[in-house]
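None of the figures in this text is laboratory data; all of them are computed from the coordinates on show. Remember, it's a predicted structure, so these values are computed and weren't measured experimentally. All Cβ positions, glycine included, derive from the backbone under ideal geometry; neighbour counts span all protein chains shown.
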Amino acid sequence: MPPGPRVLVVRFSSLGDVVLTTPLLRAIRSRHPAAFVTVVVQARYADVLAGNPAVNAIVPVEPREPVAGMAHRLAPAAYDARLDLQDSFRSRGLRRALGGAWGVADRRRAARLLLIWLGLDTYGAYVSAAERYFSAAGGLDLRPDKAPPEVFPTVDDEARAAELAPRECVALAPGARWGSKRWPARHWRALADRLLARGLGVVAVGGAEERELLSGPGIAEAYGLSLSTTAAVLRRARVVVANDSGMLHLATAVRRPVIALVGPTAPAFGYLPYGVPAQVLERPLACRPCSPSGSDHCPLGHHRCMIEIEPEAVAAAVEGAA
């Protein structure tokens, strides 16, 4: 087989965004089987790409790592295609340092700001963020296959998950990076109690610091695990309930049906679950969307977009999905 193109892909963060790069990576491998694909990603999210057959090399970086250091590690290679899926201040610095022609993903920032600040929806037909990434790769002749994202837990990940979570349980992911995107802890506990009363197994997943959001009798806890082990836990679930967060997209990457609790953002932004059966629960409030990706607190102080999603409604959605 003749050598394929050398492709550099930059997507530093965050969890959900990195997960959503995998359909593009899969398309590169499908269209160019001999391609050598290098991905630059924050070290904390590198686990998402480990074992992915579409990726040849992972370059892990730290959040505050100088751009010059990153460029030094990448400079010796000659790339046929350079894709910036981040399009941030730091990724632009890396583009300048490495030089060459770059494809840049269309993040639709202007449309997002018009919707937030003026209530004008100029997005048109819905396009997932996973498919918007393809706009950076025009020279590679790619087409989305519409299949879900993917991650590849190891045998050890699966064994550890089997110790923590019963098969066919309901997985609950109470965390999110930003407080305004989190469903209230009391609602999570009420949902868990309803599911347990109906004889369903419940496992809670997330970072170690998210244990305070949901724990207690009857709940299997799978907090503080590696992302690949967490993915293996999610794979054991019959359905996953999550905030609009990275865990939501990690669940889609193991092809689980999901129930998404969406508050301060908007579906038009492109972050609905991709490629799996999904229910989106949200409240049609005039103050939505108030943020492109969430904030520490509700800017109006009421947090109605999340509080008014009732546990009974979520429990009914679980029963319908399970």
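For the stretch 1-37, which positions are assigned to a helix (DSSP H, G or I) and among the basic types (Lys, Arg)? So that I can check it myself, show each step before the final result.
Within the stretch 1-37, the subset assigned to a helix (DSSP H, G or I) is 15-19, 22-31.
Of everything in the stretch 1-37, those that are assigned to a helix (DSSP H, G or I) and among the basic types (Lys, Arg) turn out to be 26, 29, 31.
Among the listed residues 250, 225, 213, identify the single one that is within 22 Å of residue 164 (Cα to Cα), buried (at least 16 other Cβ atoms within 10 Å of the Cβ) and free of Cβ contacts under 8 Å to residues at least 40 places away in the same chain. Quick ask: steps written out before the conclusion?
Values: 250 fails: free of Cβ contacts under 8 Å to residues at least 40 places away in the same chain; 225 fails: free of Cβ contacts under 8 Å to residues at least 40 places away in the same chain.
Being within 22 Å of residue 164 (Cα to Cα), buried (at least 16 other Cβ atoms within 10 Å of the Cβ) and free of Cβ contacts under 8 Å to residues at least 40 places away in the same chain holds for just one of 250, 225, 213, which is 213.
Any residue at all in the stretch 176-192 that's part of a loop (DSSP other than H, G, I, E, B), hydrophobic (A, V, I, L, M, F, W, C) and in contact with a Phe, Trp or Tyr (Cβ under 9 Å, 6 or more places away or on another chain)? Outline the logic, then answer.
We begin by selecting, within the stretch 176-192, every residue part of a loop (DSSP other than H, G, I, E, B); these are 176-178, 182-184.
Next, from what is left, pick out any that are hydrophobic (A, V, I, L, M, F, W, C): 176, 178, 183.
From what is left, the residues that are in contact with a Phe, Trp or Tyr (Cβ under 9 Å, 6 or more places away or on another chain) are 176.
Within the stretch 176-192, one or more residues are part of a loop (DSSP other than H, G, I, E, B), hydrophobic (A, V, I, L, M, F, W, C) and in contact with a Phe, Trp or Tyr (Cβ under 9 Å, 6 or more places away or on another chain).
Please go through the stretch 259-280 and give me each residue that is over 16 Å from residue 309 (Cα atoms), hydrophobic (A, V, I, L, M, F, W, C) and either buried (at least 22 other Cβ atoms within 10 Å of the Cβ) or out of contact with any strand residue (DSSP E or B) (no Cβ under 9 Å at 6 or more places or on another chain) (or both), ordered by number.
Selection gives 268, 269.
Which one is farthest from the chain's Cα centre (by Cα) among residues in the stretch 266-281 that are closer than 14 Å to residue 128 by Cβ, in contact (Cβ under 8 Å) with a residue 40 or more places away in the chain and not in a helix (DSSP H, G or I)?
Looking only at the stretch 266-281, we keep the residues that are closer than 14 Å to residue 128 by Cβ, and these are 266-276, 278, 280.
Applying the additional criterion that residues be in contact (Cβ under 8 Å) with a residue 40 or more places away in the chain yields 266-272, 274-276.
Right, trim to not in a helix (DSSP H, G or I) and you get 266, 270-272, 274-276.
Details: 266: 15, 270: 11, 271: 8, 272: 10, 274: 10, 275: 13, 276: 13 Å.
Selected residue: 266.
Is at least one residue of the stretch 56-70 farther than 20 Å from residue 134 by Cβ, touching a residue at least 60 places away in the same chain (Cβ under 8 Å) and of a type outside the set (Gly, Ala, Ser)?
No.
Might you let me know whether the stretch 16-32 holds any residue that is under 18 Å from the mean Cα position of the chain (by Cα) and within 19 Å of residue 93 (Cβ to Cβ)?
Yes, the conditions are met somewhere in the stretch 16-32.
Take residue 41 and tell me if it is out of contact with any strand residue (DSSP E or B) (no Cβ under 6 Å at 6 or more places or on another chain) and part of a strand (DSSP E or B).
Working: out of contact with any strand residue (DSSP E or B) (no Cβ under 6 Å at 6 or more places or on another chain): yes; part of a strand (DSSP E or B): yes.
Against the criterion (out of contact with any strand residue (DSSP E or B) (no Cβ under 6 Å at 6 or more places or on another chain) and part of a strand (DSSP E or B)), residue 41 qualifies.
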